[in-house]
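Take a look at the structure below.
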Amino acid sequence: MAVLAVIAVQLIVLGTAWHRARLEPRSGRSSLDAACRGGGAAAFTALGLLIAERCARKQLALTNVAWVVMGAAYGSVFPLSHDGLGAALLLIPSASLGELLRAASISGELAVIPLLILA
């Protein structure tokens, strides 16, 4: 329930930002984007539960910091280059989720390779 509440808040914030910027989702892209967000949330929730099961509190706190750094530095927030080191970093789940969401929201396509990495 907590994960669903966080996702709901994120969608409200993102929807408000899109509305204020006067951006309109194109037909078909919003449903693909929602499916990708749901799959990403499921993948990272499962991974988070696995880590929480295996780690003590201090280790879990450090892991949460690592997730924030991975989200910012490894392709979730900013796209990575598809050459050299950037191509290797695309194998990280956070980068795969970023690529998947960018493809769904910008071009309306399903990026198969990032989806397989997240699976």
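Data table
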read-out: Using a Förster distance of 30 Å, the FRET efficiency for Val68-Arg22 (Cβ separation, nearest 0.05); value: 0.50
read-out: Sequence of Cys55, Cys36 from largest to smallest accessible area, 1.4 Å probe; value: Cys55, Cys36
read-out: Förster radius 41 Å - calculated FRET efficiency between Ala87 and Met1 (Cβ-Cβ, nearest 0.05); value: 0.60
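The values are calculated or read from the model by the stated rules, or taken from the named source; none is laboratory data. Just so we're clear, the structure is a prediction, and the values are computed from it rather than from any experiment. Cβ sites come from the backbone with ideal geometry, for glycine too, and all protein chains shown count toward neighbours. SASA here: full protein model, heavy atoms, side chains in, ligands and nucleic acids out. Shrake-Rupley method; radii C 1.70, N 1.55, O 1.52, S 1.80 Å.
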